[in-house]
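Notes to accompany the following structure.
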Amino acid sequence: MTGMTERRTSVFENSLIWFGAGVSIAEILTGTYFAPLGFSRGLAAVLIGHIIGCTMLFLAGLIGGIVRKSAMETAQMSFGSKGGLLFSVLNIVQLVGWTAIMIYDGALAAGGIWNTGSYVWCLVIGGLIIVWILIGIENLGKVNTVAMAALFLLTIVLCIVIFGKGSMIPISEDAMTFGAAVELSVAMPLSWLPLISDYTREAEKPVQATAASAITYGLVSCWMYVIGMGAAIFTGESDIAMIMVKAGLGIAGLLIIVFSTVTTTFLDAYSAGISSETLSSKISGKWMAVLVTVIGTAAAIFLPLTDITEFLYFIGSVFAPMIAIQIADFFLLKRDSEDEAFDMVNLVIWLLGFIIYRFLMRIDIIVGNTLPDMVVTILICILVRKLARK
């Protein structure tokens, strides 16, 4: 955010940030949806989806790291100085949604272990996120190191308890298709595409930091999915609080839930602040991040935010074609539209990509629909620009 980019972050600090992003209750809960596929097919879907999603995450972060611009500033390079604002608004909307969903899930899970009312846990988690924001990302090094070490140890304990049971419980035959599972696996790293450059732009070594961020997030996210899937298969539970209670973790489980929610949701609120700065230089990113947290906390208290699959698919349909166009422009066509107000050609291509994604959702493709949508969008970009030159 403004006034917060003087100090360059190390590869290790970037890795810690994305470790925190990966350790997420939402990812564990999403992993439970894979249980009907069985462990081996479910694991294959998780790995394929994350390879696709994290490759795109790396390329998105690399653009921002190389040009030293935030995620939404890099969008302006492909869609124009005014056209890029569309994605800033859409990004803020999805980040407010994520903030609310994460606080809701965290509070619900924490309440299952220590029942003081979910609204109390919403306020506690929301308050801690605001503390994280006020500390500032450049001062979070030591705090994050301690928090991540504790989360790392506690999730290992959770794994040992879940997989130590050693017997699979019969699961429902009402399984999602393999392609749908891959898409649900792609969706989580895809949801971070409009954020990663907010952190890689400040890296001392952009390429190494971006690679470390994408790999760290990918490995940890897969781990969270597998914990959720394994818990559903080996314990028969999809309720994260009940998983923690059955694991006998008690207060330790509560700490996993609260701090994993805080470290992940902090990134959503922080990036909402950065995106808001692209809308107006008068907006303070830090205080906008605080406002987003307050709105997210209120939404978590008053709205039922249970099933997030449609939300994940919406994010995919908006941001998959967006980053496809950015990849084509930056790496293949070597073009920059930032001096234009609107790049109408790219905006129309993005709309086509959005429509194609929604259409592909009706077709069961073994690699999901994000990868085909992005490939088609990139090909359209290249073809249109070559025809324009002729």
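The values are calculated or read from the model by the stated rules, or taken from the named source; none is laboratory data. All figures in this text were calculated on a predicted structure; none of them were measured in a lab. Neighbour counts run over all protein chains shown; Cβ positions are idealised from the backbone, glycine included.
Couple of notes before you dig in:
- Among the residues of region 348-390, those that are assigned to a loop (DSSP other than H, G, I, E, B), closer than 18 Å to residue 53 by Cβ and either of a type in the set (Val, Ile, Thr) or without any contact (Cβ under 8 Å) to a residue 12 or more places away in the chain (or both) comprise 365, 366, 367.
- Residue pairs whose Cβ atoms lie under 7 Å apart, sitting 6 or more positions apart in sequence or on different chains, and linking a residue in region 292-309 that is part of a loop (DSSP other than H, G, I, E, B) and surrounded by fewer than 19 Cβ atoms within 10 Å (Cβ to Cβ) to a partner that is modelled with pLDDT of 80 or more and of a type in the set (Val, Ile, Thr), are 305/101.
- Per-region count, region 230-279, residues under 17 Å from residue 32 (Cα atoms) and assigned to a loop (DSSP other than H, G, I, E, B): 6
- Screening the candidates 8, 68 for the property of being in contact with a strand residue (DSSP E or B) (Cβ under 8 Å, 6 or more places away or on another chain), of a type outside the set (Gly, Ala, Ser) and surrounded by fewer than 19 Cβ atoms within 10 Å (Cβ to Cβ) yields one hit, 8.
- Condition met for residue 49 (under 23 Å from residue 327 (Cβ atoms) and touching a residue at least 12 places away in the same chain (Cβ under 8 Å)): yes
- Of the residues making up region 63-74, not a single one is under 18 Å from residue 222 (Cα atoms) and either acidic (Asp, Glu) or in a helix (DSSP H, G or I) (or both).
- Taking every residue in region 205-229 that is outside any helix (DSSP H, G or I) and pairing it with any residue that is surrounded by fewer than 22 Cβ atoms within 10 Å (Cβ to Cβ) and basic (Lys, Arg), at least 6 positions away or on another chain, the pairs with Cβ-Cβ distances below 9 Å are 205/8.
- Among residues that are assigned to a helix (DSSP H, G or I), touching a Pro at 6+ places or on another chain (Cβ under 6 Å) and not hydroxyl-bearing (Ser, Thr, Tyr), residue 57 is included.
- Of everything in region 12-40 that is surrounded by 18 or more Cβ atoms within 10 Å (Cβ to Cβ) and farther than 23 Å from residue 183 by Cβ, the residue that is modelled with the lowest pLDDT is 20.
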